[in-house]
Amino acid sequence: MSWRCHGQNYAELVSNLQKHGILSSPEAAAAMSKIDRKLFVPEDGLPYNDAPQVIGFGATISAPHMHGYCLSLLADHLKPGMSVLDVGSGSGYLTAVFGLMVGETGRTVGVEHIPELVDRSIVAIKQTPASYLLDKDHLNIYVADGKLGYVDGAPYDAIHVGAAAAVLPDALVDQLKLNGRMVIPVGTSSQDLVIVDKLADGSIRKTVEMGVRYVPLV
Ligand code: SAH
C-alpha cells in the first residue's frame, strides 16, 4: 500500500506524517527525525517515498505511515527507562527509533530470523544517533524466532511486531508487562493491526485498529 506522505527529503517526510495526523506523538516524531530512513534502504530504493521498500531476503522496510501509526500507538509505552521488543526487526530502522525513545535507562531488543539482515541493521544503526545504545549494550538485535519473543529482556512495556502472525503468539502476550501494550498485525490473506493491552489485573484487551498488509511472521 502506498500513501500520501512522500517527501523530497527526510524532514519533509516526517513533517507530512505529522500534518496528516499519522505521527501524532511529539516524542515519536522527535526520535523519528533523528533516524534517517535512507540509511536503512538499499541504494536503488526510494527512502522518502511513503511505501514499503524491498530490503532483500523477502523482507521489506515497512511504509513510513505504518511506522508512524505504530510509534504513535505505542508512544505511551516508550517513555525513557521503559523496555521494548521489536519482533521482525528487519532493517532495524524502527528498532533504532524505539531505542532513542526509551534511551539508555531503558532497554531495546530487536529479534530477526535472517542473520544477514541482523548484521546489516547493526551496521546501519551504527551510523545513527542510536549508535551509543549499541555501544552501551542497551540496544541489542538477536537472530531468533520472534514468535517466541525474547525471554531474556522480558517483560516488556511495549512489543511491536513487524510481520503478520497467523494467530496471536502466546509467548508474546506472556512477555508483556502489566499495563504493557503490543501492536501486531494478525491474519493471513486478510490482516488486522491489533492492539493488545495487558491491563493492571492481567486481563487482555484486544482492539482492531485497521486492516493492513504485512509480510508473514513465519
Ligand atoms: N519493522 C521492519 C519490518 C521488516 S519486514 C522494518 O520496517 O524494517 C518483517 C521482518 O520479519 C522480515 O525482516 C522477516 O525476515 C522477519 N520475520 C518473519 N518471520 C520471523 C520470525 N519468525 N522471527 C523473526 N523474524 C521474522
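Quick notes on this structure:
- For D50, the residues whose amide H sits under 5 Å from its own are W3, C5, H6, G7, ignoring neighbours fewer than 5 places away on the same chain, with H placed 1.01 Å from N.
- Residues whose amide H lies under 5 Å from that of Y156, counting only those 5 or more places away or on a different chain, are L176, K177; hydrogens are built 1.01 Å from N in the peptide plane.
- Comparing Cα centroids, region 145-211 and region 10-29 end up 24 angstrom apart.
- Restraint check, K38/K177; K38/K198; K38/K136; K38/K206; K38/K147, Cα-Cα greater than 30 Å: K38/K177; K38/K198; K38/K206
- The distance between label points at D152 and S190 comes to 4.1 nm (points 7 Å beyond Cα on the Cα→Cβ vector).
- P(r) for the chain, from all Cα pairs and a bin width of 5 Å, is 1, 8, 16, 22, 23, 18, 9, 3, 0, 0 %, short bins first.
- Label-zone membership for region 1-22, site Q127, 7 angstrom Cα→C-beta point, backbone N under 20 Å: 7-14
- Rounded FRET efficiency, nearest 0.05, which uses the C-beta distance separating D197 from E116 and R0 of 25 Å: 0.15
- Count Lys and Arg as plus one, Asp and Glu as minus one, and take only other residues whose Cβ is under 15 Å from that of W3; the net charge is then +2.
- Nonlocal amide H pairs with E209, under 5 Å, H built at 1.01 Å: L193, V194, I195
- The peptide list 30-37, 18-25, put in order of mean Cβ contacts within 10 Å with the highest first, becomes 30-37, 18-25.
- Accessible-area order (highest first, 1.4 angstrom probe) of the listed residues V167, V143: V167, V143
- Net lengthening on full extension, N9/S24 (0.36 nm per residue, minus Cα-Cα): 3.4 nm
- Residue-count net charge about V173 - beta-carbon cut-off 13 Å; Lys, Arg +1, Asp, Glu -1: +3
- Residues of region 199-218 with amide N under 14 Å of the 7 Å Cα→Cβ point at K79: none
The values are calculated or read from the model by the stated rules, or taken from the named source; none is laboratory data. Here the structure is a predicted model, which means the values were calculated and not measured. Don't worry about glycine lacking a Cβ; one is built from the backbone with ideal geometry, like all the others, and counts go over all protein chains shown. Surface areas here come from the heavy atoms of the whole protein model, side chains and all, with no ligands, DNA or RNA. Shrake-Rupley method; radii C 1.70, N 1.55, O 1.52, S 1.80 Å.
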